[in-house]
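Every number here is computed from the coordinates shown, using simple stated rules; none is lab data. On a predicted model such as this, the values are computed, not experimentally measured, just so you know. Cβ sites come from the backbone with ideal geometry, for glycine too, and all protein chains shown count toward neighbours.
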Amino acid sequence: MLSIILFFIGFIFSVIGLFFIILYLNLFVIGYSFFEFVYFIIRSIYCDLFFVGIILLYLSLERKKTRELLL
């Protein structure tokens, strides 16, 4: 049950973060260079949600290793 909740929260966080990363691509139009864009993305809290969401998705999909033989 916990893995399902982590999956949904991670999915929502990653979608929100990716939405803001795509939204901030408009900074190229007003003259930002690639390095200024990356610096802006790193400082943005909303874009950090993307990385937190990916970590939560990984944790929810990680298979627990047990000592029993799986056939």
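Between (i) 42; (ii) 57; (iii) 39, which entry matches percent of Cα pairs over 16 Å apart as derived from the coordinates of this structure? Matching entry in (i) 42; (ii) 57; (iii) 39: (ii).
Extension gain, Y39 to I22: 0.36 nm times the residue separation minus the Cα-Cα distance gives 4.6 nm. Taking the C-alpha atoms only, the angle from helix 34-43 to the longest principal axis of the chain is near 60 degrees. Extension gain, I30 to R63: 0.36 nm times the residue separation minus the Cα-Cα distance gives 7.4 nm. Given R0 = 22 Å, the distance between the Cβ atoms of V52 and L2 translates into a calculated FRET efficiency of 0.85.
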